[in-house]
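Contents: one structure, followed by commentary.
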Amino acid sequence: MARDGMRPNGAKGTARLTWNRKGEIEGGKTEKAPRAVAWCEDGKQVDAATDLATVASRNRLIEGDNLPVMRHLLATGSAGRVDLIYIDPPFWSGDDYYASSDDGQDVLAYKDRWDGGLDSYLDMIHPRLKLMHELLSPRGSIFVHVDWHAGHYIKLLLDEIFGRENLRNEIVWWFGGPSPVKTSFPRKHDIIFFYSKSKDYQFSPQYAPMKQYLYDRARKDPDGRLWVDQNVGKITRRKFDELAAGGRVFETKTGRYRRKQFLDEMQGDMVDDVWTIPIINSQANERLGYPTQKPQALLERVISCASRPGDVVADFFCGSGTSLVAAESLGRSWIGTDSSGVAIGTARDRLLKVGGCRFSLEVV
Ligand SMILES: C[S@@+](CC[C@H](N)C(=O)[O-])C[C@H]1O[C@@H](n2cnc3c(N)ncnc32)[C@H](O)[C@@H]1O
């Protein structure tokens, strides 16, 4: 039972996903030590002359299959040390994905075709999810980005590996947009499964930006602070005097008192489990030409809610490096891996443009 990822304490007899060879194809037991090829700092890449093992708390961008890389991380002391994992793996879409390059040529970035059908896709993702579970810290979480193709299968695997009780959210990322499809409802959302390693996990609620109409309605104090007016409400004389002394009450033309509610002390609505964030459109500055690139705003929300500055964030299918750039800009350490040279080249160039970003570039 334990061989196929069944949790030892878990729920013998509980419904679960099975397929031929489940748990048998583990991609070999090999772990491969990544070889550092360069050190990147101040927007420049230099050959890795120094022994990078001596560079403390470095960020790592690693080209190669994530299975041996994760095995290596586990074998070198990273078990239980990663605070947040976000992955956006191939979706079992049956397509090839091309990146557009500067000279107008499309280059193959990665394939999402599986000769053995769904079973071979599950053979790929299942052992990797188990290694991610081992890497996560006790208060850590994983966000698994999928869509309608295989999301329902992956959820069952996550239930099995992380425990159904640790499913925190099934987030819908709704991106909208036009569609030529007329034979069914256009598919305009992805799913992000948020599981924690335990019931004691890191989480900070997120708030949407405040509504524009509040800014449109706001008045300005001489010091530049913006406020909207509110009823004073039923308060004691003492409380009223306190508010007045703090410049939080004003008198209207008709001689009534109103309260000032400063916008910098207000929060927008709390974010729920449906996230409306626009997809990167063809004209967006953020667009790099890497297929299936996700918006940075999406990754900033994931990283902000489930980690703190200084934490370690990992993305083992990092593509163009969106999560790594978001982690860097939010003051987290990061590890990114991808098996595509096109992806790693794109992520490296992107990270080199982020001021103060330092990382090793490695290959397995
Ligand atoms: C959907 S894309 C990720 C896009 C990324 N989130 C972004 O914003 O650019 C999936 C990535 O997984 C990578 N990949 C597929 N199999 C892999 C494996 N076994 N090890 C490492 N990376 C893999 C692909 O090369 C591809 O870049």
| request: State log₁₀ I(q)/I(0) for region 206-301 at q = 0.21, 0.22, 0.23, 0.24 Å⁻¹ as given by the Debye formula over alpha-carbon point scatterers of equal weight, solvent excluded. | output: -1.10, -1.15, -1.20, -1.24
| note | So, over other residues within a Cβ distance under 11 Å of Glu286, counting Lys, Arg +1 and Asp, Glu -1, the net charge is +3
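How long are the three semi-axes of the equivalent ellipsoid of region 218-364, in whole Å, if each is the root of 5 times an eigenvalue of the C-alpha gyration tensor, listed from largest down? Intermediate values should be presented prior to the final figure.
Details: eigenvalues 460, 53, 38 Å².
Largest first, region 218-364 gives 48, 16, 14 Å.
Could you work out the percent of alpha carbon pairs in region 212-265 separated by over 19 Å, rounded to a whole number? Could the numbers behind the result be given before it?
Values: 389 of 1431 pairs.
When every Cα pair of region 212-265 is considered, 27 percent fall beyond 19 Å.
With r as the distance between the Cβ atoms of Lys353 and Asp106 and R0 = 25 Å, compute the FRET efficiency 1/(1 + (r/R0)^6) and round to 0.05. All intermediate terms of the calculation are to be shown ahead of the outcome.
Values: r = 23 Å, r/R0 = 0.93.
In this case the efficiency is close to 0.60.
Pairs Lys199/Lys260; Lys211/Lys253; Lys188/Lys211; Lys130/Lys211; Lys22/Lys111: which exceed 31 Å Cα-Cα? Walk me through the intermediate numbers first.
Values: Lys199/Lys260 41 Å; Lys211/Lys253 27 Å; Lys188/Lys211 24 Å; Lys130/Lys211 42 Å; Lys22/Lys111 22 Å.
Lys199/Lys260; Lys130/Lys211, as the Cα separations exceed 31 Å there.
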| How do Thr252, Thr346 rank when sorted from fewest to most other Cβ atoms within 10 Å of their own Cβ? | Thr252, Thr346
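Using the 10 angstrom Cβ neighbour count as an exposure proxy, how do Lys155, Lys234, Lys239, Lys220 rank, fewest first? Could the numbers behind the result be given before it?
Working: Lys155 19, Lys234 6, Lys239 12, Lys220 9.
Exposure proxy ranking, most exposed first: Lys234, Lys220, Lys239, Lys155.
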| note | Cα-based Rg then Dmax for region 60-103, in Å, read 14.9, 44
| remark: Percent of all Cα-Cα pairs per 20 Å bin for the chain, counting from 0 up to the last occupied bin, reads 25, 50, 20, 5, 0
| field | Label point distance in nm, Ser179-Phe262, each placed 7 Å from Cα along Cα→Cβ | value | 4.6
| request: List, largest first, the extents of the alpha carbons of region 173-251 along their principal axes, each in whole Å. | output: 63, 40, 27
| note | Cα extents of region 284-354 per principal axis, largest first, Å, are 30, 25, 20
| query | Given springs between every Cα pair under 10 Å in a Gaussian network model of the chain, which of Asp123, Asp264, Asp42 has the largest fluctuation? | reply | Asp264
| By how many degrees, 0 to 90 and rounded to 10, does the Cα axis of helix 66-75 deviate from the longest principal axis of the chain? | 80
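Report, in deg cm²/dmol and to the nearest 500, the calculated mean residue ellipticity at 222 nm for the chain, where each DSSP H run with n ≥ 4 adds -39500 (n - 2.57) and the sum is divided by the residue count.
Numbers: 8 runs with 87 residues, N = 364.
One gets -7000 deg cm²/dmol as the mean residue ellipticity at 222 nm.
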| remark: Quick calc: nm separation of the 7 Å Cα→Cβ label points for Lys211 and Glu170 -> 3.0
| task | Just grab the label-to-label distance for Asp269 and Asp96, each label 7 Å out from Cα along the Cβ direction, in nm (one decimal). | result | 4.4
| field | Calculated over region 86-177: convex hull of Cα atoms, volume per residue (Å³) | value | 140
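Values quoted throughout were computed directly from the atomic coordinates according to the rules given, and no laboratory measurement underlies them. Predicted model only: the values in this text are computed from it and were never measured. Neighbour counts are summed over all protein chains in view; Cβ atoms, including those assigned to glycine, are modelled from backbone coordinates with ideal geometry.
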